[in-house]
Every structure is written in C-alpha cells, then in structure tokens.
1. As an exercise: evaluate residue 132 against (1) in contact (Cβ under 8 Å) with a residue 40 or more places away in the chain; (2) among the polar types (S, T, N, Q); (3) within 18 Å of residue 85 (Cα to Cα) and give the number of the one condition it does not meet.
2. Here are some residues: 289, 293. Which one is hydroxyl-bearing (Ser, Thr, Tyr) and within 14 Å of residue 216 (Cα to Cα)?
3. State the number of residues belonging to the stretch 296-335 that are under 22 Å from residue 349 (Cα atoms), at pLDDT below 95 and surrounded by fewer than 20 Cβ atoms within 10 Å (Cβ to Cβ).
4. Mind listing just one residue for me: the one in the stretch 77-86 that is surrounded by fewer than 21 Cβ atoms within 10 Å (Cβ to Cβ) and either in contact with a strand residue (DSSP E or B) (Cβ under 6 Å, 6 or more places away or on another chain) or of a type outside the set (Gly, Ala, Ser) (or both) and, of those, nearest to residue 339 (Cα to Cα)?
5. Quick one: in the stretch 163-184, which of the residues that are charged (D, E, K, R) and in a loop (DSSP other than H, G, I, E, B) is nearest to residue 200 (Cα to Cα)?
6. Output the number of the condition that residue 66 fails; it satisfies all remaining conditions of (1) part of a helix (DSSP H, G or I); (2) at pLDDT 95 or above; (3) surrounded by fewer than 17 Cβ atoms within 10 Å (Cβ to Cβ).
7. Which of the following residues is more than 25 Å from the chain's Cα centre (by Cα), surrounded by fewer than 24 Cβ atoms within 10 Å (Cβ to Cβ) and in contact (Cβ under 8 Å) with a residue 12 or more places away in the chain: 200, 246?
8. Among the residues of the stretch 421-428, is there at least one that is under 18 Å from the mean Cα position of the chain (by Cα) and either touching a residue at least 60 places away in the same chain (Cβ under 8 Å) or farther than 22 Å from residue 293 by Cα (or both)?
Amino acid sequence: MKTYILAGLIASTALTCGASMASAGDVTLNYWMWDANQAPVYQQCAAKFEAANPGIKIKITQDSWDNYWTTLTTGFVSGNAPDVFVNHLSRFPEFLENGVMEDITDRIAKDKVDMKAYLSGLAESWAKDDHQWGLPKDWDTIAIVYNKDMLAAAGLKDSDLANLDWNAKDGGSFEKVVAHMTVDQNGKRGDEPGFDKSKVAVYGWVSNPADGYGQNQWSFFAASNGFKAIDKPWGSKYAYDSPALVDTLTWLRDLGIKKGFTISQENIGSLNASAIFSAGKAAMVPDGSWMISTYRDTSKFGFGFAPLPKGPEGRKSMFNGLADSIWSGSKHKDEAWKWVKYVGSSECQTIVGEAGVVFPARPEGDKAAEAAHKAKGLDVSAFTLLATPESTFPFPISDHASEISTILKSAVQNVLLNKGEPAKILKDANAQVNGMF
C-alpha cells in the first residue's frame, strides 16, 4: 500500500470505532458516511437488514465532510477503517491506487446483481478495466435555489426563471436577472443608475468558493459553453486551456470584481453559499440535489428551484453519483457485501427515496423521492429534468487525481482572484497536469 501523507492532520474522535471484531457470535459492521440528513434514513434500512440477517449488526457513524475524509484516510493507514464506507468519485482514483477498496466484480456475478437496474452511467462510474469497486447509492444534479420574496420584490415571477439563457459575452437574460436582483445598501438595483457595487446588501448570485472541478460553482456554465474537462473517463488529456473555460471564468470573475453582482472569490473566503442564502444576503444560489432537504427543513422564507440557464450548447449539469465500497482490510467481507448489496437494493433505495433526502440510484427510489417532495409542496423538477445523458456530463476521473485537483483548484481560484491573465494561468496549469501522464 502506498504511504499516505498525513502531516498536520488530526483524526476526528467521532470515527474511531474502526472495523469491529465479532463478539458473542455476532458481527458488527461499521458503516461510515458524511451526510447527517441521510444517517437516520439508513438506520431504517439497517433495522430491516438486521431483522433479515440475524447475527449481523450495523453501526452507522456520521461525521462532517472534512473530518470524514481525514479520519477515513487515517483508518486505512492504521488498520481501523470501517468495513463499508460511502465513497465519492473525487476520491476513487486515489483509493484505487492505494488498494483500500475491495473488488466486488466476482460477488456481483455470483449473486447475479442486475447492474442495469441503476440509472444509466452510475454503475459505470465506479468501474475500471471491467472491475467494479462500489455499488451505486444515489445521484445528483445542480439547479438554482431562489428566494421567492426577493423574486417578487424585483417584480418577477417563478416562470421568469424557467427559461433563462446564458453566454460568456454579456451573460444573456441570466445576467440581466442577476443584475436586477442585486440590491445595494441604498436600495439601488444592479441595473439601475447609481448602483454602488462596493456596498451591496443582497447579491443576485452567490456560489460556493471555487474548486478545480466546479460541480456546483461554475462547471455548468463552462459545459454549456462547450468545455469538456477531460477527453474520456480515466483519460490522460485535460483541456483546461480551452477558450470556452477561459471565457467562462473570465465572465464569472468580472461578475463579481467589476460588476458587483456576486461575491468575489476574495471576499467569500470559506463561506458556503447556502449560509449566505439563508442569511438573506443572496437572491439565488446554485446547489446540488443533495441539499434539497436542508433548504426544506431550515429555510425561514419561501424558496423554489429553477433550472440552470441554457448556454450555447444547451442546459448542462455535472452528473455525480456516490457509491458504497468495502474496505479491503475488513475482517468481515462476506457480511459487508451483504450490507452493500442490500443498501443498493430496491427495498432500501425506496426507503431512502420516501425520506426525500437524496435521489436514489434506482428509478423506483427516484419516484418515491419525487412523491415525497411533492407531498411537502416542493417542485424538484429542475433537478430531475437534467438527469439525462444529453444534459449531463461526468465528474472528471483520472490517475493522479489528488495532485491534479490541487493544481486545478489553484488555477481556477487565481483566475477568479484576478491574479493574472486567465488564458495563461489555465494553459500553464493544464500543461502541468497533462505532463503527469
């Protein structure tokens, strides 16, 4: 196993349970995840599973996103990782390289698991060279979350957000709406004379601090402008020097620095867009479908979901899907497989769907989720309408993922911070990345 570099990282005590040994004839499987909204729902699945599998107990442990990955990585090194863990595509290449995931290809074949029962593209994301390293868990797309009160105050209707268009030259009808929904401390809107960009009370548009892939920040703009991050899954040629990306990020930079319609990369710091939105400082934010229940349960004002704007290449969203993987060091791999197989089953995924926390990987789970949201007065079609091969693009996967992520994040942030000519920054970063292959 490749040695992990963990200098400066302190493992969270919340996830120190490790892979459990059998006790009194029972096996306790440790299952880790980062989403607090999902933990109680999977506890319902665990109860069903335990009733059908006497002698196997499921211990679910949840921790915050950052602590989760730190502690999981520490567990791989120390031999105290969970038997089963929720996996993310951004970590898949690194985990594969380090041999910490169990190959489940033969188990799938032996138990005749129907991999076509999942939405197209989800199972394939977790395979390489005809080997499968996880069963699909759920999927997500991106949509616009908007404040209904602010929309009405701007003299706009929900339908005005349904068919916005965007381009990198003037921002299209999308930028016009963003400008109109931006308000300074004197009550002047962004499209009115006298607007003061240095004293903004409410921004028309706010996204999370940028990273190298921009899932819920900038990727949908760039893709709709013709940008394709990598030549193919597990490819060796990135295209971050693409004029389509240069133009997209330049426009986004200027939207904040020059025009004041969004918080600049410098000023947003580490703040999440959802927190800014909840505080009433943003009229619209882009966010993932995994956040639907958070907005539903915590918002103190009316909100809705609108489709992403259409770019020159149409409306696009990154299509990401999580998986459940088995730790290669687990002492209970047979039992772990039973749990992974059940979590990916129709029964468990329908339970998850009925809770309305995510869109499960199976169509029947999706239908249950849509019905659950509808029962609570939420129209989530802005997310589901994009869940097609024509409207989605995959999370870029390749070898050297950790190093590449660091390089690309720095480059994108430097563009948005106006630290040089965007074309040169992205060209240099792209050359550095492709040089790794």
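1. For residue 132, the exception is condition (1).
2. Just one listed residue meets the conditions, 289.
3. 2
4. The residue in question is 80.
5. My answer is 170.
6. Only one criterion is unmet by residue 66, namely (2).
7. 200
8. no
The values are calculated or read from the model by the stated rules, or taken from the named source; none is laboratory data. Because the structure is a prediction, the values reported are computed rather than measured. Because the Cβ atoms are built from the backbone with ideal geometry, glycine has one as well, and the counts that use them run over all protein chains shown.
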